[in-house]
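Novice: Quick one: structure below, then a few questions.
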Amino acid sequence: MSGTALYLRLVRHVRPYWRVFALGVFGIIIVAATEPALPALLKPLLDGVFVEKNEAVIRWMPLLILGLFVIRGLAEYLAQFSLNWVGNRLVMDLRGVMFRKLLTLPARYYDDQASGNLISKLTFDVMQVTTAATSVLTAVFKDSLVIIGLLGWMLWLNWKLTLLSLVMAPVIVLVVRVISVKLRNSSRGVQRQMGDMTQVIQETIEGHRVVKLFGGQEYEQQRFDAQANNVRRQLMKQVAAAAASVPIVQFVAALALATIIYLATQQSNTAQITVGGFVSFITAMLMLTAPLKRVTSVNEPLQRGLAAAESVFALIDQAGEPDTGTADPGRARGDIRFERVSFAYGADGRQALDNIDLAIAPGETVALVGASGSGKTTLANLVPRFYTPTGGRILLDGDDISELKLAALRANIALVSQDVVLFNDTVAANIAYGAMNSLSRGEIIAAAEAAHAMEFIKQMPGGLDTMVGENGVKLSGGQRQRLAIARALLKNAPVLILDEATSALDTESERHVQAALEVLMRGRTTLVIAHRLSTIEKAHRIVVLDAGRIAESGSHAELLARNGKYAQLYRNQFQTEAA
């Protein structure tokens, strides 16, 4: 996207606040209009006071100067406050749009993106956009008006000298154009490196126990130092490009100023210009260098903001999860059918699932087992449409799930996984999460009791109102699992997915969790993914997956009697546990 298109899109986000923005622009116009007034006052001041000794000028001139600066100060305050208000609203709005987009992005997008880069977009990149949308626009607008006003005054005083001073304009434009490209490229580099550095920080914080236990402090320090140095180098490229533009512009302006001063002194010798006119002209020209410097310097934050806008809009423009379904099944019975379902990850087309045919009756518990990489989790992830099959279809109560509204489909599914996700909130808020937050306290307690969680919740200092910490850090693994089970119980969905819900627990915790799971699974269509085969012996049916295909299917006793892959997996695990 071109810089102009990016900028216009950015400005569209300012449109809802055009009244406040207009107020800021009004303040800018007043400030800009008063800028040429100072050199304009110098001519009557010098000629009227020191040459003509005019009493009226002597009496009123101090008051005029005082009034000028009072008006200028009020207008400056109005402009600064209004435009900063708009800028902060813009950042908040863009962050809101980006966060809403994050909530709708498909699982594939998260698979391909580092979380540190995504966090950097919402924290760092969006802040760079503010200067491009408001500060840069106002600086250019204000300083352009100042330049026009000062040039107008200079033309009125002496048009020949003014036209001569304009020879520096083409040189300044050329300098700005060359440096713009360098600034945009270095800004993109800063954003990339900032995302990488954020990723290192996040991984180190989340994995601090592993870092300490395996002596990874020096390695992580080296990773961080390398990324921090990359950020520094990219920032220095920005500084070098920005720093080069200002002295070049100032040198061109100084060259023109020196020439004009020489010619003006020649004119004063021939009485073509008065003392007041000469001082006023030189003052106006000196004042012209400051807005010219700001206009050329504004290119750095502009290019930085445009590069950030590219990053922000790239996220906003990502396609969300496809939700073309129109049907609402209401509360489903839980009849699930996989018809010749295939699925491939990535562009290489590697088949994770290959022509799966599987029917699960309402209320039936089906366990998926197999070696790592056999497709168990992939198959389960297709049911709530975290991924879309690349072949075949999945039916819920006879309806193709691709034709169901996404929210309606997921309202019928509950999930309990090995990696329990808890939020830094109260126990009650984590159980009654999301759409369930309006449920009563009694319903939350009933779900917690059914999940065997109230016995440890009662012992916590705040009970249900105790904060669990980041991802439940204050709880044990078994306690986190029981809260996840309570959440699933409270949802009361007819379809349940259990993804290795007891694989990382000790014997005592597993006993509690298994008892809670038996309550949860009652009367629900349940898809169980398990590595510990002892936990699924009571399943109605066990499906063995091998390289993305169904190798065999049956009850625990049937599969052991068949002496096939399941029996081999069972014997291997039993021998390992015994050893």
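Novice: Scan the stretch 133-144 and report the pairs whose first residue is surrounded by 18 or more Cβ atoms within 10 Å (Cβ to Cβ) and whose second residue is at pLDDT below 75, with Cβ atoms within less than 7 Å and a gap of 6+ or a chain change.
Specialist: Qualifying pairs under 7 Å: V136/V298; A139/R294; A139/V298; D143/R294; D143/V295.
Novice: Test H531 against the stated conditions and say whether it is more than 30 Å from D354 (Cα to Cα) and outside any helix (DSSP H, G or I).
Specialist: no
Novice: Could you please tell me which pairs satisfy a Cβ distance under 6 Å, a separation of 6+ or placement on different chains, a first residue in the stretch 244-264 that is modelled with pLDDT under 70, and a second residue that is polar (S, T, N, Q)?
Specialist: Taking only residues 6 or more apart or on different chains, the pairs are S245/T296; V246/S297; V249/T296; A253/T289.
Novice: Looking at the stretch 295-318 only, could you name the residues that are in contact (Cβ under 8 Å) with a residue 24 or more places away in the chain and part of a loop (DSSP other than H, G, I, E, B)? Full working, then the answer.
Specialist: Filtering the stretch 295-318 down to residues in contact (Cβ under 8 Å) with a residue 24 or more places away in the chain leaves 295-313, 315-316, 318.
Correct list: V298, Q318.
Novice: Now a separate question. Residues to consider are I413, I457, I445; find the one that is hydrophobic (A, V, I, L, M, F, W, C) and without any contact (Cβ under 8 Å) to a residue 24 or more places away in the chain. Don't jump to the end; show me each part of the working.
Specialist: Numbers: I413 fails: without any contact (Cβ under 8 Å) to a residue 24 or more places away in the chain; I457 fails: without any contact (Cβ under 8 Å) to a residue 24 or more places away in the chain.
Being hydrophobic (A, V, I, L, M, F, W, C) and without any contact (Cβ under 8 Å) to a residue 24 or more places away in the chain holds for just one of I413, I457, I445, which is I445.
Novice: I would also like to ask the following. Filter the stretch 346-400 down to residues that are of a type in the set (A, V, I, L, M) and free of Cβ contacts under 8 Å to residues at least 60 places away in the same chain and give me whichever is most open to solvent (accessible area, probe 1.4 Å). Before you say what the answer is, go through the steps one by one.
Specialist: Keep residues of the stretch 346-400 that are of a type in the set (A, V, I, L, M), which gives 347, 352-353, 356, 358-361, 366-369, 371, 379-380, 382-383, 394-396.
With the extra rule that they be free of Cβ contacts under 8 Å to residues at least 60 places away in the same chain, the set shrinks to 347, 359, 382, 394.
Numbers: A347: 116, A359: 41, L382: 0, I394: 4 Å².
Among those residues, the one meeting the criterion is A347.
Novice: Next question. Can you name the condition, by its number, that N269 falls short on among (1) under 26 Å from A37 (Cα atoms); (2) at pLDDT below 70; (3) not hydrophobic (A, V, I, L, M, F, W, C)?
Specialist: Against the list (1) under 26 Å from A37 (Cα atoms); (2) at pLDDT below 70; (3) not hydrophobic (A, V, I, L, M, F, W, C), N269 comes up short only on (1).
Novice: In the set L559, L569, L520, L545, which member is at pLDDT 80 or above, touching a Phe, Trp or Tyr at 6+ places or on another chain (Cβ under 7 Å) and farther than 17 Å from D419 by Cα?
Specialist: Selected residue: L559, the only one of L559, L569, L520, L545 that is at pLDDT 80 or above, touching a Phe, Trp or Tyr at 6+ places or on another chain (Cβ under 7 Å) and farther than 17 Å from D419 by Cα.
Novice: Something else now. Within the stretch 388-407, which residues are under 30 Å from V513 (Cβ atoms) and modelled with pLDDT of 90 or more?
Specialist: Taking the stretch 388-407 first, the residues under 30 Å from V513 (Cβ atoms) are 394, 396-397, 401, 406-407.
Passing the criteria: I394, L396, D397, I401.
Novice: Also, I was wondering about something else. Considering each of S120, S115 in turn, give the residue that is surrounded by fewer than 17 Cβ atoms within 10 Å (Cβ to Cβ) and modelled with pLDDT of 75 or more. Give the derivation first.
Specialist: Details: S120 fails: surrounded by fewer than 17 Cβ atoms within 10 Å (Cβ to Cβ).
Selected residue: S115, the only one of S120, S115 that is surrounded by fewer than 17 Cβ atoms within 10 Å (Cβ to Cβ) and modelled with pLDDT of 75 or more.
The values are calculated or read from the model by the stated rules, or taken from the named source; none is laboratory data. Given the structure is predicted, the values throughout are model-derived calculations rather than measurements. Positions of Cβ are generated from backbone atoms using ideal geometry, with glycine treated the same way; all protein chains shown enter the neighbour counts. Ligands, DNA and RNA are excluded from the accessible area calculation, which covers all protein heavy atoms including side chains. Shrake-Rupley method; radii C 1.70, N 1.55, O 1.52, S 1.80 Å.
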